[in-house]
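Here is the structure we will look at, set down as structure tokens.
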Amino acid sequence: MKENIKKASEIIKHSGRITAFTGAGISVESGIPPFRGENGLWSKYDPKYIDINYFNSNTKKSWEIIKEIFYDFFTNAKPNAAHRALAILEEKNIIQTLITQNIDNLHQEAGSKNVFEFHGTSQTLICLDCSNKYNYRDIVFDNLPPKCSNCQGILKPDFVFFGESIPERANRQAFLEVDSSDLFLLIGTTGEIMPACMFPYMAKQNGAKIIEINIEASNYTGSITDVFLKGKATEMMSELIEKLGFKINL
Ligand code: ZN
């Protein structure tokens, strides 16, 4: 592993433009369960509750589950050392862009600025009628569904439901990074969620190197990954950033 950390740090030092690409695995150590897998949310909840068609016709029922999953306890999560390491690498201008599939806002809380949320965010709610946006902290969840104080329209979390399209801004940026990045740093993403999972493959085809951090081998390992750092995101990022000469201050 020491050898791989060294290899990864050498690639990073010799890359011009670097894109970090993160998924659920980076937030697990902050206490946010992944959606998929043995102890994932979908083993406990039916994913239909965040399907846009189900939501539109069963709004109250959907909202009861959404509140329980996303607003009762997720909101207590704090960024971990891996989130912080990425923010430091951005501050040092080593990483230029961060594309995340997570909706938990932990990258921003850790200090990352150039964050593109491929699946939107749970931090804001949007009015389905007038498109007014609200921070979830300003919303009282006693009466579901929550309503817009402007027009009484129904509020929906501003993350991508099944059946909805990817936010334009994040999608455009992902294609731009595929074209211009020398390195994709994958953290906690196993390449199972379409269409997000395609970007590392496209980047690789365009000549980018791929460094991957995951606790287990993924679809990327053995196909496009140049250096696989097998382990927890916090531990691997701590070692990597130290090798690059920086320290994590949480
Ligand atoms: Zn409204």
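Computed values, structure above
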item	result
Within segment 139-169, considering residues that are in a strand (DSSP E or B) and away from the ligand (no atom under 16 Å from the Cβ), the one farthest from F70 (Cα to Cα)	F162
Hits in segment 138-163 - residues which are open to solvent by 70 Å² or more (accessible area, probe 1.4 Å) and either outside the structural domain of I52 (by TED's automatic domain parsing) or touching a helix residue (DSSP H, G or I) at 6+ places or on another chain (Cβ under 8 Å) (or both)	F162, G163
So I193, is it open to solvent by less than 50 Å² (accessible area, probe 1.4 Å) and away from the ligand (no atom under 16 Å from the Cβ)	no
Per-region count, segment 164-190, residues under 25 Å from I211 (Cβ atoms) and open to solvent by 70 Å² or more (accessible area, probe 1.4 Å)	4
Out of I154, I187, sole residue that is under 23 Å from N80 (Cβ atoms) and in contact (Cβ under 8 Å) with a residue 60 or more places away in the chain	I187
Residues located in segment 125-137, provided they are more than 10 Å from the ligand (Cβ to nearest atom) and either outside the structural domain of S57 (by TED's automatic domain parsing) or surrounded by 18 or more Cβ atoms within 10 Å (Cβ to Cβ) (or both)	L125, Y136
Sole exception among (1) in contact (Cβ under 8 Å) with a residue 24 or more places away in the chain; (2) farther than 16 Å from I12 by Cβ; (3) surrounded by fewer than 18 Cβ atoms within 10 Å (Cβ to Cβ) for S223, by number	(1)
Selection count, segment 158-184, where residues are touching a residue at least 60 places away in the same chain (Cβ under 8 Å) and touching a Lys or Arg at 6+ places or on another chain (Cβ under 9 Å)	7
Segment 120-138, subset among the polar types (S, T, N, Q) and not in a loop (DSSP other than H, G, I, E, B), residue nearest to the chain's Cα centre (by Cα)	T121
Residue check for E109: within 16 Å of the chain's Cα centre (by Cα), open to solvent by 40 Å² or more (accessible area, probe 1.4 Å) and of a type outside the set (A, V, I, L, M, F, W, C)	yes
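The values are calculated or read from the model by the stated rules, or taken from the named source; none is laboratory data. Predicted, not measured: the structure shown is a model, and the values here were computed from it. So basically every Cβ, Gly included, is an ideal-geometry build from the backbone, and we count neighbours across all protein chains shown. Accessible surface areas use protein heavy atoms only, side chains included; no ligands, DNA or RNA. Shrake-Rupley method; radii C 1.70, N 1.55, O 1.52, S 1.80 Å.
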